[in-house]
Amino acid sequence: MPLVSMNELLPQAKAGKYAVGQFNMNNLEFAQAITNAAIAERSPFIFGVSEGALKYMGIEYTVAIAEAAAKKSGLPIALHLDHGSNFDIAMKCIRAGFSSVMFDGSHHSFEENIKLTKEIVKAAHAMGVSVEGELGTIGGVEDDISVDAAEANLAKPHEAIRFYEETGVDALAIAVGTAHGMYAGDPNIHFDIIEAVASQIPAAIVLHGGSGVPDEMIRKAIAAGAAKINVNTENQVAATAAIREVLNKDSKVYDPRKYLTPARSAMEQVVTEKIRLFGSNNRI
């Protein structure tokens, strides 16, 4: 089937008290691992593509891989720009075939974030593309963007509600204490913020920085209203560990298939576990 917007996935997740996983695509093996796991678990999912990954893979290859996954699997899959930095990159992705985009205006003032997000929503919705916005600053490292934990700002519920009302976003990422990358200890997630916002707006609440969050915290976040959860680092760590193991065992290995195959299998296991944790399995 063709790629779908997140509006084909997230309203059902919010109503059903489960979450759809966004798993970032960084190359073909990531895409295959994610898709294989989702086929086996009969789960919808979202391919997340950061601007850094877009530069690495090329937009044409990115869209072609996602479309091939959707055709092969028969699953509802959204291809989503993750942390888009401006209007131009969002429009470039939409024109290339992305079915969803995120605009991360969290580094702007609140009023400017609303203004810029609103412009992207208007253009994207005219083309049937869903939009995710962001409020508050999420700590950690993603691609070339680094935010110190001390500088991360939690979202304020009343501002998040106003942000939705004025922008009309389909999904809203709010800073609630998670961070990009892996955690040194357990994160301090403010479930009350998730619940306060999710209960007042129809848009799906997005939890960024899902890698490494203890399972029980994920379950509590979903119960509070999170309907989309992003995972990337855990797949990267699993893939890299599998590659290291192969190469450390045999220095004569040079065929990429010999180490990328176990890397793909390792990621497939991670995605399978996340799909079951999020409760999106057997939803097709």
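Residues whose amide H falls under 5 Å from that of residue 173, counting only those 5 or more places apart or on a different chain, are 133, 134, 135, 206, with hydrogens built in the peptide plane.
Thinking of segment 198-279 as a set of Cα atoms, what percent of all their pairs are more than 18 Å apart?
Details: 1698 of 3321 pairs.
Roughly 51 percent, rounded to a whole number.
Close amide H pairs (under 5 Å, H built 1.01 Å from N) link residue 26 with 31, residues at least 5 positions away or on another chain. The distance from the alpha carbon centre of segment 180-253 to that of segment 50-88 is 20 Å, rounded to a whole number. Accessible surface computed residue by residue for the chain, with neighbouring protein chains in place and a 1.4 Å probe, gives 44 Å² per residue. Report note on the peptides 68-74, 249-255, 206-212: ranked by the mean count of other C-beta atoms within 10 Å, highest first, their order is 206-212, 68-74, 249-255. Just checking the listed ones, 267, 102, 91: in the Gaussian network model of the chain with Cα springs under 10 Å, the one fluctuating most is 91.
For segment 222-236, putting each phi into the Karplus relation 6.51 cos²θ - 1.76 cosθ + 1.60 with θ = phi - 60° gives couplings of 5, 4, 6, x, 5, 10, 9, 10, 9, 9, 9, 4, 4, 5, 4 Hz, in residue order, rounded to whole numbers and with x for Gly and Pro. Cross-link reach is defined here as a Cα-Cα straight distance under 21 Å, omitting same-chain residues fewer than 8 places apart; for residue 258 the lysines meeting it are 249. In sequence order, segment 114-130 has phi-based couplings of 4, 4, 5, 5, 4, 5, 5, 4, 4, 5, 5, 4, 5, 10, x, 9, 7 Hz under the Karplus curve 6.51 cos²θ - 1.76 cosθ + 1.60, θ = phi - 60°, and Gly or Pro positions carry x. Shown in residue order for segment 241-246 are the 3J(HN,Hα) couplings computed by the Karplus curve 6.51 cos²θ - 1.76 cosθ + 1.60 at θ = phi - 60°: 4, 5, 5, 4, 4, 5 Hz (x for Gly and Pro).
Listed by chain and number, the aspartates and glutamates whose alpha-carbon sits under 17 Å from that of residue 156, ignoring those within fewer than 8 places in the same chain, are 104, 111, 112, 134, 165, 166, 192, 195.
Solvent-accessible area assigned to carbon and sulfur over segment 174-257 amounts to 50 percent, based on a 1.4 Å probe.
The values are calculated or read from the model by the stated rules, or taken from the named source; none is laboratory data. Worth saying up front: this structure is predicted, and the values here are computed from it rather than measured. Note: ideal-geometry Cβ built from the backbone for every residue, glycine included; neighbour counts use all protein chains shown. Quick note on the areas: whole protein, heavy atoms, side chains included, nothing else; ligands and nucleic acids left out. Shrake-Rupley method; radii C 1.70, N 1.55, O 1.52, S 1.80 Å.
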